[in-house]
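This report concerns only the one structure given below.
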Amino acid sequence: MVKQGLFVIALAGLLLTSCSVSKSARTQRNLFSGSWSLDNISYENNTGNFKSVIFNDAEDICFEGSDWFFRDNNSTGRYTISQSSLCQGGDRFFRWSVVEPSQNYSSQLQFKFIDENRKDISGGLGYRLNIASLTEQNMVLKSNVSVEGELVTIVYEFSKK
């Protein structure tokens, strides 16, 4: 009986440890928390003029000046695009997390779209952006895409509101 109780306690401890978030990821989550403005979108690693649809949602120009909000206590957030002749305005809701770095990449912001009731509307598919820099006032995220077989990096520059 005592062995069985110790086994259950050990198993519970193992599960809690395996699900815990590292101190680095917790720090990044805390830095993400709050309101941000997406000030600029630019492109690296290639030349020419680019126009892209971001997150399978809207053209890049629609995202410039968009408002982003990250709530770290329940891992939800939203971004708001302003209505214009080029852009369908409104709120887009998402669930987000910080993915620990590995040998292949730095820390990443991961998110997928949800509805107002926090239900998945993306079929489990989502997006990952490399966290190039993150401070209390500024954030730079990057994502790599292929354009005609060539690597292009989309750079998202945010400032804290």
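Of note:
- With respect to the conditions (1) over 16 Å from the mean Cα position of the chain (by Cα); (2) free of Cβ contacts under 8 Å to residues at least 40 places away in the same chain, THR27 falls short on a single one, namely (1).
- Qualifying positions in the range 104-147 - among the β-branched types (Val, Ile, Thr) and under 15 Å from SER75 (Cβ atoms): ILE114
- Out of LEU86, LEU109, one residue alone is in contact with a strand residue (DSSP E or B) (Cβ under 8 Å, 6 or more places away or on another chain), within 19 Å of ASN40 (Cβ to Cβ) and surrounded by 12 or more Cβ atoms within 10 Å (Cβ to Cβ). It is LEU109.
- Qualifying residue in the range 133-147 (condition: under 18 Å from THR27 (Cβ atoms), touching a residue at least 24 places away in the same chain (Cβ under 8 Å) and touching a Pro at 6+ places or on another chain (Cβ under 9 Å)): no
- Of all residues in the range 112-145, exactly one satisfies the criterion of being within 17 Å of THR80 (Cα to Cα), surrounded by 15 or more Cβ atoms within 10 Å (Cβ to Cβ) and basic (Lys, Arg), namely LYS112.
No lab work stands behind these numbers, since they all come straight from the coordinates. Since the model is a prediction, treat every value here as computed from it, not as a measurement. Here the Cβ is made from the backbone with ideal geometry for all residues, glycine too, and neighbour counts use every protein chain on show.
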